[in-house]
Amino acid sequence: MDGSTMDSEWSLEHLEADGGATQVLARYVKQQVGEGMEFSNEIARVVVSSNGCYYEFRELPEEFSGALGEFTHHFIGVRDAIELLERLYHLPRTDFLRDVVELSLFVVYDRFDWISHQNIYAYHLQRSMPGDRLLEDVRGIFRHGQLPRFFKVRLLAERAPEGLSFARGMAFFIANPGERHLLVQVPYTHNSVSDLIARPLSVQWH
């Protein structure tokens, strides 16, 4: 499985357990994706199939995101994964920031809780449009050179940064045993694509 591409009309991002409707949506995505191929560790579970993809946290099931739309997935080595994560971490410190409307990076190094922020790094940047005043929030500590167990990035920008295939979309990574780990990229390619229940990480922390 070196990669695949699927195409549909929408994606589901930052699904939360705030009522029956969201649970119905989560079940719908899982049903549409089907059994597929599963990749998991102690933090998260990822399923990909010809119909779509999703991830969910083992101890935090409300941390769920899925797509029934165009996406790609491929294996990535330790060095490439760390280099990609380092580039994403440094994006807000480069000229690329001028083209960004929203950027969220969430990195999990080990089991964690939302209160202490141990074993995580979470960054969120948002503004109305490129060039406007930005709002930033940072929690936890980024561990340079360490492979995390899971990370995800969500980007709304005018152009794609190095290492990602999209200017608008999301990507998530899960570490597997051995040297081959999974990276999934979900570009927002349709006008009808929307985040059905999306909240900034700064809100999720409270």
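Restricting segment 97-117 to residues that are among the hydrophobic types (A, V, I, L, M, F, W, C), in contact (Cβ under 8 Å) with a residue 60 or more places away in the chain and in contact with a His (Cβ under 9 Å, 6 or more places away or on another chain), which is farthest from Arg168 (Cα to Cα)?
Trp114
Which residues, taken from segment 148-179, are surrounded by fewer than 20 Cβ atoms within 10 Å (Cβ to Cβ) and in contact with a Gly (Cβ under 7 Å, 6 or more places away or on another chain)?
Glu179
For the list (1) within 15 Å of the chain's Cα centre (by Cα); (2) at pLDDT 90 or above; (3) under 20 Å from Leu155 (Cα atoms), I need the number of the one condition that Arg45 fails.
Against the list (1) within 15 Å of the chain's Cα centre (by Cα); (2) at pLDDT 90 or above; (3) under 20 Å from Leu155 (Cα atoms), Arg45 comes up short only on (3).
Can you tell me which of (1) over 17 Å from the mean Cα position of the chain (by Cα); (2) within 20 Å of Phe57 (Cβ to Cβ); (3) at pLDDT 95 or above is the one Phe151 doesn't meet?
(1)
Of the residues in segment 118-140, how many are free of Cβ contacts under 8 Å to residues at least 60 places away in the same chain and closer than 21 Å to Glu59 by Cα?
5
Quick one: how many residues across segment 144-186 are farther than 27 Å from Asp99 by Cβ and assigned to a loop (DSSP other than H, G, I, E, B)?
Summing the residues that are farther than 27 Å from Asp99 by Cβ and assigned to a loop (DSSP other than H, G, I, E, B) in segment 144-186 gives 10.
The values are calculated or read from the model by the stated rules, or taken from the named source; none is laboratory data. Keep in mind it's a predicted model, so treat the numbers as computed, not measured. Cβ sites come from the backbone with ideal geometry, for glycine too, and all protein chains shown count toward neighbours.
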